[in-house]
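Data first, discussion second: the structure below is written as structure tokens.
Values quoted throughout were computed directly from the atomic coordinates according to the rules given, and no laboratory measurement underlies them. Given the structure is predicted, the values throughout are model-derived calculations rather than measurements. Glycine also receives a Cβ, built like all others from the backbone with ideal geometry; neighbour counts cover every protein chain displayed.
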Amino acid sequence: MNDPEKLFRKISGKERILLVSLVDDILTKKKGLNIKKLENSDFYRCRKGRFRIIFHHEKNNIIIDSIKLRRENTYKDLKWTSLNWKNI
């Protein structure tokens, strides 16, 4: 089981809806999101409440790298493997 699957099992149904909506907004490049480029990397983070979604751009695509709850170590290791959002 990978981290996004584990996260989805831990959070409430209301939070799942919020998270799926947020990922959809990122993938459709919706304006008004709280997105910031992370220092010294090609990664971006989108913040909504206690969730952090880390992603990067590859050609004309947006690749979701990680979905995490905000903690002290959320941004420590940016060597995540990309995940296929459709498999979650």
Full-extension gain in nm, LEU38 to ASN60, via 0.36 nm per residue minus C-alpha separation:
6.0 nm
Taking 0.36 nm per residue of separation and subtracting the Cα-Cα distance, what length does fully extending LYS31 through ARG50 add?
4.8 nm
Of the trypsin sites (Lys or Arg not before Pro) in the range 1-40, which ones lie in a loop per DSSP and count no more than 14 other C-beta atoms within 10 Å?
LYS29, LYS30, LYS31
